[in-house]
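Visitor: Structure below; questions to follow.
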Protein chains: 6
Amino acid sequence: MPLSPATREKLETVSTATITTALFKRGFRIQMIQDVYPLDPAKPNMVGEAFTLRYIPAREDLNPITVFNDPEHPQRSAVERDCPPGAVFVIDSRKDARAASAGSILVSRLMMRGVAGIVTDGGFRDAAEIAKLAIPAFHHRPAAPTNLTLHHAIETNVPIACGDAPVFPGDVIVGDGDGCVVIPAHLADEIAAEAVEMTAYEDFATEKVLEGRSIRGLYPATDPQSKIDFEAWRKKKGR
Amino acid sequence: MPLSPATREKLETVSTATITTALFKRGFRIQMIQDVYPLDPAKPNMVGEAFTLRYIPAREDLNPITVFNDPEHPQRSAVERDCPPGAVFVIDSRKDARAASAGSILVSRLMMRGVAGIVTDGGFRDAAEIAKLAIPAFHHRPAAPTNLTLHHAIETNVPIACGDAPVFPGDVIVGDGDGCVVIPAHLADEIAAEAVEMTAYEDFATEKVLEGRSIRGLYPATDPQSKIDFEAWRKKKGR
Amino acid sequence: MPLSPATREKLETVSTATITTALFKRGFRIQMIQDVYPLDPAKPNMVGEAFTLRYIPAREDLNPITVFNDPEHPQRSAVERDCPPGAVFVIDSRKDARAASAGSILVSRLMMRGVAGIVTDGGFRDAAEIAKLAIPAFHHRPAAPTNLTLHHAIETNVPIACGDAPVFPGDVIVGDGDGCVVIPAHLADEIAAEAVEMTAYEDFATEKVLEGRSIRGLYPATDPQSKIDFEAWRKKKGR
Amino acid sequence: MPLSPATREKLETVSTATITTALFKRGFRIQMIQDVYPLDPAKPNMVGEAFTLRYIPAREDLNPITVFNDPEHPQRSAVERDCPPGAVFVIDSRKDARAASAGSILVSRLMMRGVAGIVTDGGFRDAAEIAKLAIPAFHHRPAAPTNLTLHHAIETNVPIACGDAPVFPGDVIVGDGDGCVVIPAHLADEIAAEAVEMTAYEDFATEKVLEGRSIRGLYPATDPQSKIDFEAWRKKKGR
Amino acid sequence: MPLSPATREKLETVSTATITTALFKRGFRIQMIQDVYPLDPAKPNMVGEAFTLRYIPAREDLNPITVFNDPEHPQRSAVERDCPPGAVFVIDSRKDARAASAGSILVSRLMMRGVAGIVTDGGFRDAAEIAKLAIPAFHHRPAAPTNLTLHHAIETNVPIACGDAPVFPGDVIVGDGDGCVVIPAHLADEIAAEAVEMTAYEDFATEKVLEGRSIRGLYPATDPQSKIDFEAWRKKKGR
Amino acid sequence: MPLSPATREKLETVSTATITTALFKRGFRIQMIQDVYPLDPAKPNMVGEAFTLRYIPAREDLNPITVFNDPEHPQRSAVERDCPPGAVFVIDSRKDARAASAGSILVSRLMMRGVAGIVTDGGFRDAAEIAKLAIPAFHHRPAAPTNLTLHHAIETNVPIACGDAPVFPGDVIVGDGDGCVVIPAHLADEIAAEAVEMTAYEDFATEKVLEGRSIRGLYPATDPQSKIDFEAWRKKKGR
């Protein structure tokens, strides 16, 4: 069930707040990747299917600096080859930002390969450089030390934990100023559709509230007049 | 003992650092709301009397999405009606930012109603939107999931905990780049007066230090000459 | 083994990420001061030898506001006299940012005295003011309450803990957007030299990656052609 | 809907593990008071309806040692008069065990008044003494300092948070070696009934497993033979 | 490289403290599973090769109570069939003890199947029951709620994190009153041999210290006489 | 101001709870060493003057296993020679129990030298062995890895932090089931005297409460009859 261009486009226009509410209505309560932040809050939404990397704690004998000489090192082959264009690269760093999950050269390469974004529940090194790249990136906090210090790359594209959320390969990740949410793959289309509708109403409600209207009957739309006004607004706005 | 316009005006010109020192001199050590940050650090001071909202952990059967249909839901009636203009809306979220304390539509409504600001020891959803509003807002970190996920609104305008500080309705909240401080209501006038005096001296001392003067005898003013110079400076500056 | 001007200059041009890798190659894994951030991320690198201040928890009877009347109070004499120009003032605040490690007047005085920077694993008060000063400063988060609330200044220029890293007086501190690293004094020259070389290669690799080149054989330089290209690039760039 | 003697008796024979599973089947996921432990693990189950005490952070001027001279101090009147016999006294200490929630004299008085147990998400002082009393008590860890240091008693018998669980007055608390669970009042009878049934089966399954039987088909009872054997076992055991 | 009976026997007689020192000498610093405790501290050492189970956060739609009807559910098939006799069952619960990693029936079955022990960096439900079983078990703290609440079983016998230590299938786990240590499989024989030697000396040194001897020259054995006395002691003790 | 035998004797009969209340009355709020526990809760009170050891994070090049060959290593010389008989050995481990503060051989030597007890805000290795020794010991949790892994011993008998409390050499440490409290040296006599009086009254009140008496007027003794009864009780008990 690959992410359709139409659904991707929709998800680029809605917020993680709206998406988590749509998920909440379906019984999903822990799909938010907790405590991660955009390195550059000014970027547009990050949207893509999850391609995952799993780290475990580094064992010293297995993680000398020379491991990167091996092109099949899981982190490097993922960056160079395996993570598909359009995907979001999601890293399970066990919420440990004492060492880096990745740095600016690897993130640059992901960007050049057309990857849609990157998120770790740990931290990136060269954070200021990454923030300036066109690719959106999310982490907990900057982390200068090389990943070899604490992270051993085990495998890619398996189900992982990221920021206390479950992430399965192919789940759809959306990131904005509030962080990143994980939409189960089979729900991406319907969540996107519903979120677009919800967003239209929220934009309408926001406009009315900023004009001085009460939230009573407006948010939520318990007053039938709210729905009538909304329909008129949609027509006017072409939404 | 409502907050007088004169005291409010004074508190708009002094820092939380200065206020906490004035409180420290009176034996108050835990009046700082710990670990909250302004969504927009560029805003002027937030000042107002506390109007409080108390959350407890959400029980699933009591918190379906439909609860907001009830206009008397404590969060909604507080936003729409009960929190007075000029007040600061203070939310006890038990320092839990895994779900939102509120979002941009409610904060917009508070702003339109003339509320002076909002602070939670949890997090706001739509954080980037809220940062752009004219109303100052403080939280621990962004939190996209709806409050229903983890927060059950119990009651308003009772004494609460916020960021490990005690907050009584009517206490005066001041927020700046360092966070938010809680001034016990009965001390607001004297703390404001003292803080204005302290601030004048601190501004003088800062100016002198930036001109190259030693802090010895200047900060604190143990050298009588410092007081003489300060008086001259005040006259010149009209403070 | 004072920090030579040449080494200082080199360290101003390399990142903490690169330095931690050079340290990792020599078996040093915990030299990063964890969880501290620049108050102004736009500043250039902070570089200098560590001059330290050690706090223990404040005992109430020993920390009335009047202690600052004593010019020999360790925090004040350090700021006014003992911390040498060119040094970095490093404070052991036991990772406790509930009260301030210092405020803007003291940091201003350090700046005027030519101190190279300041870092605490706690927090600064007047954080917004300090961010505007020319001196680089790093902390965990803003902290308005006076240091007397929780910190008792014991002594200066002894070995300390800062952000879970060991800091010996004279160690060389480098700070950038990722935080601060502690280079053992006897290694400063060789680390600086190696980091400059590494940085040249990283800049070359970054440029190539942004031109679309694969990281295979390039990063690390396992393909001999990478080294040839790098040498050509260096000549062209004059590095 | 007071707790019936029959339901109380049932809950004295089932575990918090079994109860949380029965709650999970009904969609309740956060009814466990997290991170609290029995002071005496050898005691039988604690069962009773919640009577609550709410603390907020202590303000120094409101919490001198003399406040206990007032018999209407909320903690004291609750212990002496308001908490009913048979109830469990549940304290919201904001998960802060740096100061005590109560000590052995108050817990002794609760015991003498017939209160069924006590739980705080903070800590008790005189913990070793309390452990020796006949009344079951649960806390996070011992905490010697008087509650006045950090806890200000605000009110009793309101909904509270305790260990990240919601507790409404009248909810039924059950405590055992795994900690304490909160059963919503209206579900107490059906949860108790179901838990007794589940416990019978679990005891049967445990016996069989300890005799060497496979868990396949037995736990859960997907093999019809398991149910047949269970019925025979029940008859034999008179359960 | 399966664990030989001789090495197992040796490891049953040495402490995790001694083993971690032997590992430290070889450059291994993070092989201790942090913050786990024996449910019954009176049991002898737990020793066995790691068989692992990996949990990720539970997604609600994938974790109804009915999943256990599937005999191939990874947790159940591991317990019933896959975890070999003599092994230690090691669970990656992401240090999250808010829900159980397993309960007494499954642990009983592991015991009956000859498994050597079990450790999770989360918690067990029915902790008091498990403590009474003959099989050693280690966890962070009791956790009543069913694993389905927060843990989704993904796969078995892959490398995992447990308590911030890396665990590869086949690594040798040793547990005692201080917790559990992970010995890389290829080092088990030499670590066991060295630890037995170290233990003999430590027992000798302890005996001498308790007789009143100074640790100078004795611990470590920098005085040649200590080695002479030790050799005599070994002969006498037959070690 | 050495600890007099009379004061030591008094402190052996009073609880840390009572002492913290006596300190609270004098304005001391953070003298409790937070989150430390007796390894053997059955031991009598630990009492003695603080002799301190300060650790900072270990730097790998300074902490090979061979450092213990130097008899002047601060930890070793403190244990062997410097910590006086009758003192309590207090270790600043920065609340980090990932590596040991000390092990059973060193604690045995302290015991043989007549040291009164030991406390660390980290952890001990060989915890089960230490628990069996006659010397009382307090820590946060067991910690097998050698101290060299994370702790570098810097100096002895300087003011330190321990469990968020300030500890000055010569301060009087008292430990019981609730943990350890630090009495400023100059207050030891008066606190001991007051605590003995308080304890007499608390014992009286406990006895009365266990006989069924109300706490009203009894605890605290606001009813004059309570004081009359207490005097009679003291005479009868010879206290």
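The values are calculated or read from the model by the stated rules, or taken from the named source; none is laboratory data. Small disclaimer: the values here were computed from a predicted structure and weren't measured. Here Cβ is always computed from backbone atoms with ideal geometry, including for glycine, and neighbour counts include all displayed protein chains. For accessibility, only protein heavy atoms count, side chains too; no ligands or nucleic acids. Shrake-Rupley method; radii C 1.70, N 1.55, O 1.52, S 1.80 Å.
Visitor: To the nearest 0.05, what FRET efficiency results for F:LEU62 and F:GLU190 with a Förster distance of 56 Å applied to their C-beta separation?
Guide: 0.80
Visitor: For the stretch E:9-77, what is the charge dipole size about the Cα centre, in debye to the nearest 20, if Lys and Arg each add +1 at the Cβ and Asp and Glu each add -1 at the Cβ?
Guide: 480
Visitor: Please compute the per residue accessible area over the stretch E:55-169 with all protein chains in place, 1.4 Å probe, rounded to a whole number of Å².
Guide: I get 26 Å² per residue for this part.
Visitor: May I ask for the accessible area buried between chains F and E, both sides summed, probe 1.4 Å, to the nearest 100 Å²?
Guide: For F against E, buried area totals roughly 2500 Å².
Visitor: When the label point is put 7 Å from the Cα of B:ALA42 along its Cα-to-beta-carbon vector, which residues of the stretch C:115-156 have a backbone N closer than 19 Å?
Guide: Inside the label zone: C:127-133.
Visitor: Would you grab the residues whose amide H sits under 5 Å from the one on A:HIS152? Only those 5+ places off in sequence or on another chain, please, with H modelled 1.01 Å from N.
Guide: Amide H neighbours of A:HIS152, under 5 Å, 5+ apart: A:ILE56, A:ALA58.
Visitor: Under the convention of a label 7 Å out along Cα→Cβ, give the distances in nm from B:GLU197 to the same position in every other copy, shortest first.
Guide: The answer, with the shortest distance listed first, is 3.8, 6.4, 6.4, 7.5, 7.5 nm.
Visitor: Among B:ARG113, B:ARG26, B:ARG216, determine the one that fluctuates most according to a GNM of chain B built with springs between C-alpha atoms less than 10 Å apart.
Guide: B:ARG216
Visitor: Rank F:ALA188, F:TRP233, F:VAL88 by how far each Cα sits towards the positive end of the charge dipole of the stretch F:77-235 (+1 on Lys, Arg Cβ; -1 on Asp, Glu Cβ) and give me just the farthest.
Guide: Of the options given, the answer is F:VAL88.
Visitor: What whole number of Å gives the distance from the Cα centroid of the stretch D:50-65 to the Cα centroid of the stretch D:128-161?
Guide: 11
Visitor: Using a Gaussian network model on chain D with a 10 Å cutoff between Cα atoms, which of D:ALA185, D:ALA42, D:ALA161 fluctuates the most?
Guide: Highest fluctuation among the options: D:ALA42.
Visitor: I would also like to ask the following. As a test of the definition: which semi-axes, in Å, follow for the stretch A:139-185 when you take the square root of five times each eigenvalue of its alpha carbon gyration tensor? Largest first, please.
Guide: Ellipsoid semi-axes (Å, largest first): 22, 17, 7.
Visitor: Measuring label to label, 7 Å along Cα→Cβ, what does A:ARG234 give against each other copy in nm, shortest first?
Guide: Shortest to longest, the spacings are 5.4, 6.5, 6.5, 8.3, 8.6 nm.
Visitor: Which angle from 0 to 90°, rounded to the nearest 10, does the C-alpha axis of helix E:16-25 make with the longest principal axis of chain E?
Guide: Value to nearest ten degrees: 70.
Visitor: Pull up the cross-link candidates among the aspartates and glutamates for A:LYS235, meaning alpha carbon to alpha carbon under 17 Å and not fewer than 8 places away within one chain.
Guide: Output for A:LYS235: A:GLU197, A:GLU202, A:ASP203, A:GLU207.
Visitor: Under a Cβ-only charge scheme (Lys and Arg +1, Asp and Glu -1), can you give me the dipole magnitude of chain A about the Cα centre, in debye to the nearest 20?
Guide: Its charge dipole is roughly 460 debye.
Visitor: What share of the DSSP beta bridges in the protein assembly as shown is antiparallel, in percent to the nearest 5?
Guide: 60
Visitor: Using +1 on the beta carbon of Lys and Arg, -1 on that of Asp and Glu, and nothing else charged, what's the dipole of the protein assembly as shown about the Cα centre, debye to 20?
Guide: I would put it at about 0 debye.
Visitor: Also: Defining the label point at 7 Å along Cα→Cβ, can you sort the distances from C:THR222 to the same site in each other copy, shortest first, in nm?
Guide: Reported distances to equivalent positions: 4.4, 4.6, 6.4, 6.4, 7.9 nm.
Visitor: Counting only protein heavy atoms and using a 1.4 Å probe, what share of the accessible area of the protein assembly as shown belongs to carbon plus sulfur, as a whole percent?
Guide: That fraction is 55 percent.
Visitor: Still on this structure, please answer the following. Rounded, prolate or oblate: which fits chain D, taking a ≥ b ≥ c as square roots of the Cα gyration tensor eigenvalues, rounded meaning a/c under 1.5, else prolate when a/b beats b/c?
Guide: prolate
Visitor: Which entries in the list A:LYS208/A:LYS237; D:LYS10/D:LYS237; F:LYS43/F:LYS237; B:LYS208/B:LYS237; E:LYS43/E:LYS132 go over 19 Å, if you measure between the two C-alpha atoms of each?
Guide: In this structure, F:LYS43/F:LYS237 exceed 19 Å between Cα atoms.
Visitor: For a quick check: with amide H placed at 1.01 Å from N, whose amide H comes under 5 Å from F:GLY117's, ignoring anything fewer than 5 positions away on the same chain?
Guide: F:PHE89
Visitor: Oh, and also: Stokes-Einstein D for the protein assembly as shown at 4 °C, 1.567 mPa s, Kirkwood Rh over Cα pairs, in µm²/s?
Guide: Translational diffusion coefficient: 39 µm²/s.
Visitor: Could you tell me what percent of the DSSP beta bridges with both partners in the stretch C:1-153 are antiparallel, to the nearest 5?
Guide: 30
Visitor: Mean residue ellipticity at 222 nm from the helices of chain B, using -39,500 (n - 2.57) per DSSP H segment of n ≥ 4 over the full residue count, to the nearest 500 deg cm²/dmol?
Guide: About -9000 deg cm²/dmol.
Visitor: Considering the dipole of chain E built from charges on the beta carbon (Lys and Arg +1, Asp and Glu -1) around the Cα centre, which of E:ILE105, E:VAL79, E:ILE135 is farthest to its positive end?
Guide: E:ILE135
Visitor: In a GNM of chain E with a 10 Å cut-off on Cα contacts, which of E:ASP96, E:ASP229, E:ASP40 has the highest mean-square fluctuation?
Guide: Result for chain E, Cα springs under 10 Å: E:ASP229 fluctuates most.
Visitor: Once the dipole of chain F is set up with Lys and Arg at +1 and Asp and Glu at -1 on Cβ about the Cα centre, which of F:GLY163, F:ALA17, F:SER4 lies farthest towards its positive end?
Guide: F:ALA17
Visitor: A further question follows. Heavy atoms only, probe 1.4 angstrom, no DNA, RNA or ligands counted: give me C:TYR219, F:TYR55 ranked by accessible area, highest first.
Guide: Per-residue accessible area, sorted high to low, gives C:TYR219, F:TYR55.
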